[in-house]
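Presented below is the structure to which this report refers.
The values are calculated or read from the model by the stated rules, or taken from the named source; none is laboratory data. Just so it is clear, the model here is predicted, and its values are computed rather than measured. Cβ sites come from the backbone with ideal geometry, for glycine too, and all protein chains shown count toward neighbours. Each accessible area value is taken on the protein alone, full model and side chains, heavy atoms only, with ligands, DNA and RNA left out. Shrake-Rupley method; radii C 1.70, N 1.55, O 1.52, S 1.80 Å.
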Amino acid sequence: MFPTYKNPPPFSPILLAGIVARPLPPALLQPFLNKIFTVLLRRHPGLFERLSDLTDPTFLIDPVDLPLAFVLDATPEHPRLTAGRKATKEVTAVIRGPLLTLIDLMEGRLDGDALFFSRALKIEGDTEAVVALRNAIDDAGINLIDDILESLGAFAPPARQALGLGGRIYARLRDDLELLRASSQTPNTKVQ
């Protein structure tokens, strides 16, 4: 018998990649995550200053379409982002949603309030801390792709081309999966 899910994640290429990657330990992702986080902190040095009034601001960021979560220790003196299966310590708040939604939210392309009220984003815990984090991220003007590419120096142009190709492949795969999802929900009728 297959498990039933109260709130299943969206059917997407990220969900499929997460299913394939499930057996891999999150520790394999940590060096890559450390590099990205270092670039973000270097390009946005005061990113977590707004959270200095909070005691141990720690957030569990849970992309529902991946089999892992990220713990963000947002203490201004020693911020850290760690990948794992679940939080290993008490967190201030939990932010849960599809990975691309979380990235779009981080880059300011989506409105967090609208996502929350449409239930595309779920918040648990200290909502004031989440609002402070959101305001800090909004003020930083993060563009994850540009931030990472700029750190690559001379390798940025070919990396940008590879990302463009990857984006087109992702879009095609997303559209194909949507067709499969829609077809699986259509009643089976005989064609004569």
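Out of the residues in the range 123-158 that are surrounded by fewer than 15 Cβ atoms within 10 Å (Cβ to Cβ) and not in a helix (DSSP H, G or I), which is modelled with the highest pLDDT?
Here the answer is Glu124.
So, Val20, is that one open to solvent by less than 20 Å² (accessible area, probe 1.4 Å), at negative phi and either at pLDDT 85 or above or of a type in the set (A, V, I, L, M) (or both) or not?
no
Tell me which residues, restricted to the range 42-68, are of a type in the set (S, T, N, Q) and open to solvent by 30 Å² or more (accessible area, probe 1.4 Å).
Listed by number, the residues that qualify are Ser52, Thr55.
So which of Val71, Val39 is buried (at least 17 other Cβ atoms within 10 Å of the Cβ), under 20 Å from Leu105 (Cα atoms) and modelled with pLDDT under 90?
Checking each option against the conditions leaves just Val39.
Please go through the range 126-165 and pick out each residue that is over 19 Å from Leu33 (Cα atoms) and of a type in the set (Val, Ile, Thr).
Thr127, Val130, Val131
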